[in-house]
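Please treat every number below as a calculation from the coordinates, not as lab data. What you see is a predicted model, and the numbers here were worked out from it, not measured in a lab. All Cβ positions, glycine included, derive from the backbone under ideal geometry; neighbour counts span all protein chains shown.
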Amino acid sequence: MQKDTVSWRILKDKIFKGFVILLSFVSILPLLFILFYIVKNGITSINWEFLTHLPKHIGEAGGGISNALVGTGILLIISCILAVPLGILAGIYLSEHRKGRLSYLTRLCVEVLQGIPSIVIGIIAYLWVVLSMGTFSALSGGVALGIMMLPVIVRTTEETLKLVPFELKEASLALGVPYHRTILKVILPAAMSGIVTGILLSVARVTGETAPLLFTAFGSPFMNFNIFKPISALPLLIFNYATSPYPEWHSIAWGASFVLVIFVLILNIITKLVTKRWKVQF
Amino acid sequence: MSIQSLSKAGRSELFFQGVLYLSACFLVVLVFAIFLSLLVHSIPSINEFGVGFLFGKIWDPVFGLFGALPFLVGTLLTSFLALLISIPFSLSISIFLGEYFTEGTFSSVLKSAIEILAGIPSIIYGFWGLFVLVPLIRSLQIKLGIMPYGVGIFTASLILFIMIIPYSASIGREVVQLVPSEFKEAAFSLGATRFEVIRKVILPYARSGILAGILLALGRALGETMAVTMVIGNVNVIPDSIFSPANTMASVIANEFAEAMENLHLSSLVQIGLLLFVVTMIVNIIGRHIVKKMSVES
């Protein structure tokens with residue numbers, strides 16, 4: 001009975017452990033590859049002109065991505081204006097009414113919203129905004145991104161507010177402070193770091209989204225500040241340039257990818273620092 | 001305090017409560033409105049093709065023929081192939097982080113790597129796939145003697161597999177950690193090795209949670225658009241092998257929606273969106289339900 005001896009069992013244990021460690025680290029190899037290629041191909045195209053100039057015509061050297069940077073900024077501002085107040089208010093409702101039919105339904109809907117594929121959100125923004133306005137626009141792209149931000153903001157707000165101790169609220173109410181002032185002036189400030197984290201996370205989530213912008217913001221080779229006109233965005237520019245047949249455009253796409261990845265990574269790091277530093281500790 | 005100011009406070013109180021209530025209602029209305037809009041705009045295509053939409057093999061906008069079968073096959077093939085490849089990896093990470101190295105440098109390195117993997121935008125995966133993975137696959141196909149497309153179902157699955165690892169791994173880690181230590185200690189005290197504990201105690205206990213993680217990863221894979229669109233080849237026919245180019249439900253929407261001029265074409269694309277919405281919703285709700293049930297039980 002070779003199979004049952006203790007040494008065989010220990011050997012099996014060791015082999016398994018080695019296997020687990022090997023597979024775990026093999027699965028982060030693609031990440032290293034991706035980061036390596038982005039940095040290798042992207043860093044050479046980054047310079048001041050790249051960040052501050054408009055793209056040039058095919059065949060002309062140089063050119064930049066300033067329209068996409070501005071576009072992404074405008075889209076993010078629109079989506080934050082739409083999603084942040086609503087998300088925080090809904091989060092407050094959920095943490096104040098932990099049980100109840102509406103809370104249950106709202107939580108379910110937040111889950112559903114989080115799972116909706118981004119391309120479907122794009123269709124919705126097209127049907128609601130683009131069709132009724134008759135043109136692709138920055139506004140419709142902002143609506144699409146705003147819908148995608150909502151679930152993250154609602155959930156983080158709800159979860160942070162739940163961590164705020166009940167005594168704080170009791171103390172405020174006992175002093176005769178009205179309920180709404182208690183929430184706005186006592187509970188919300190105490191939970192601010194968590195809420196900010198949620199907003200940053202949601203921004204990080206939507207900055208790289210391309211699918212919902214394909215037929216809403218649509219992209220534009222010009223600098224545009226009008227929210228009722230088509231607008232460019234970093235991920236859209238990467239998509240259009242990467243799938244084009246021109247090598248000059250490919251290198252611009254690598255540069256834009258580098259900028260996008262760095263931006264998303266920095267957002268993630270800031271989020272981590274915020275949660276570590278100002279974690280709700282009571 | 002005078003009666004007047006009290007009643008004023010009461011009014012702003014009511015106002016505040018009302019605003020909270022409305023914003024919660026808004027989320028519910030939003031989801032229903034999304035569903036209804038998709039449904040209403042699918043009606044022309046539902047009327048025209050009925051159930052046959054799902055089984056139609058031909059998608060030809062020029063002749064106004066719209067059958068979604070090629071995309072259903074494409075989506076199912078890429079998603080399940082990606083899941084199949086990812087399971088050993090995500091399971092290993094779950095066990096690694098949940099049992100072998102719950103803290104320390106090793107685990108925090110792996111954990112941050114997984115987080116970054118989840119944070120990288122899908123367009124970057126697609127771009128990288130197009131310029132690095134596709135040439136690799138092409139040279140592999142030349143060696144194997146198949147048509148060297150480079151793009152296709154297999155390439156898309158490879159990209160998807162990398163993208164969905166974080167989803168199943170993070171839930172897998174949580175449920176592996178949820179296994180009560182009494183169970184593990186009991187098995188250890190009977191002389192079981194770590195491997196035996198993992199196989200006979202941890203995995204059976206965490207089974208449904210691991211399944212839930214896989215379901216959530218599936219939900220993600222089904223709806224993934226950009227990365228797949230860039231490497232799948234975008235051909236509207238049923239693929240005849242896993243190396244042939246194809247199209248998925250999400251990628252056909254991405255490719256054709258902006259150019260869809262005719263009402264029927266647009267409506268058919270919206271109907272594919274509706275299908276995606278319903279399927280991912282079901283997969284997600286089941287997955288989250290299992291996770292919630294597990295964490296409540298322990």
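Summary of computed values
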read-out: Of residues in the stretch A:158-180 being within 28 Å of B:LYS8 (Cβ to Cβ) and hydroxyl-bearing (Ser, Thr, Tyr), the one surrounded by the most Cβ atoms within 10 Å (Cβ to Cβ); value: A:SER172
read-out: Unmet criterion (only one of (1) surrounded by 13 or more Cβ atoms within 10 Å (Cβ to Cβ); (2) touching a helix residue (DSSP H, G or I) at 6+ places or on another chain (Cβ under 6 Å)) for B:LEU91; value: (2)
read-out: Among (1) within 11 Å of chain B (Cβ to nearest Cβ); (2) closer than 30 Å to A:TYR126 by Cα; (3) assigned to a helix (DSSP H, G or I) - the single one A:ARG181 does not satisfy; value: (2)
read-out: Lone qualifier among B:GLY145, B:GLY172 - being more than 10 Å from chain A (Cβ to nearest Cβ) and out of contact with any Ser or Thr (no Cβ under 8 Å at 6 or more places or on another chain); value: B:GLY145
read-out: Extreme residue, farthest from A:PHE218 (Cα to Cα), among residues of the stretch B:249-283 that are facing chain A (nearest Cβ under 10 Å) and of a type in the set (Ser, Thr, Tyr); value: B:THR280
read-out: Which listed residue, of A:LEU145, A:LEU139, A:LEU200, is buried (at least 18 other Cβ atoms within 10 Å of the Cβ) and under 24 Å from B:ILE272 (Cβ atoms); value: A:LEU145
read-out: Test result for A:GLY100, surrounded by 20 or more Cβ atoms within 10 Å (Cβ to Cβ), farther than 30 Å from B:PHE106 by Cα and of a type outside the set (Ser, Thr, Tyr); value: no
read-out: Elements of type helices (runs of 4 or more DSSP H) in the stretch B:192-244, at least 2 residues being out of contact with any strand residue (DSSP E or B) (no Cβ under 9 Å at 6 or more places or on another chain) and in contact (Cβ under 8 Å) with a residue 40 or more places away in the chain; value: B:203-223, B:226-231
read-out: A:SER132 more than 8 Å from every other protein chain (Cβ to nearest Cβ), over 18 Å from A:LEU82 (Cβ atoms) and assigned to a helix (DSSP H, G or I); value: no
read-out: Residues of the stretch A:13-44 satisfying the condition of being surrounded by fewer than 16 Cβ atoms within 10 Å (Cβ to Cβ) and either in contact (Cβ under 8 Å) with a residue 60 or more places away in the chain or touching a helix residue (DSSP H, G or I) at 6+ places or on another chain (Cβ under 9 Å) (or both); value: A:LYS14, A:ILE15, A:PHE19, A:LEU22, A:VAL26, A:LEU32, A:PHE33, A:VAL39, A:LYS40, A:ILE43, A:THR44
read-out: Residue identified as within 23 Å of A:GLY62 (Cα to Cα), in contact with a Leu (Cβ under 6 Å, 6 or more places away or on another chain) and not hydrophobic (A, V, I, L, M, F, W, C) among A:GLY219, A:GLY255; value: A:GLY219
read-out: Meets criteria (more than 28 Å from A:THR207 (Cβ to Cβ) and in contact with a Lys or Arg (Cβ under 9 Å, 6 or more places away or on another chain)) for B:ILE95; value: yes
read-out: Test: residue in the stretch B:61-71 that is touching a residue at least 60 places away in the same chain (Cβ under 8 Å) and either acidic (Asp, Glu) or within 14 Å of another protein chain (Cβ to nearest Cβ) (or both); value: yes
read-out: Residue within the stretch A:208-217 that is surrounded by 24 or more Cβ atoms within 10 Å (Cβ to Cβ), touching a strand residue (DSSP E or B) at 6+ places or on another chain (Cβ under 8 Å) and either assigned to a loop (DSSP other than H, G, I, E, B) or not hydroxyl-bearing (Ser, Thr, Tyr) (or both) present; value: yes
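The rows are residues; the columns are (1) in contact with a helix residue (DSSP H, G or I) (Cβ under 6 Å, 6 or more places away or on another chain); (2) among the basic types (Lys, Arg); (3) surrounded by fewer than 20 Cβ atoms within 10 Å (Cβ to Cβ).
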position	(1), (2), (3)
B:LEU216	yes, no, no
B:ALA221	yes, no, no
B:THR225	yes, no, no
B:THR229	yes, no, no
B:PRO245	no, no, no
B:SER251	yes, no, no
B:ALA258	no, no, yes
B:MET261	no, no, yes
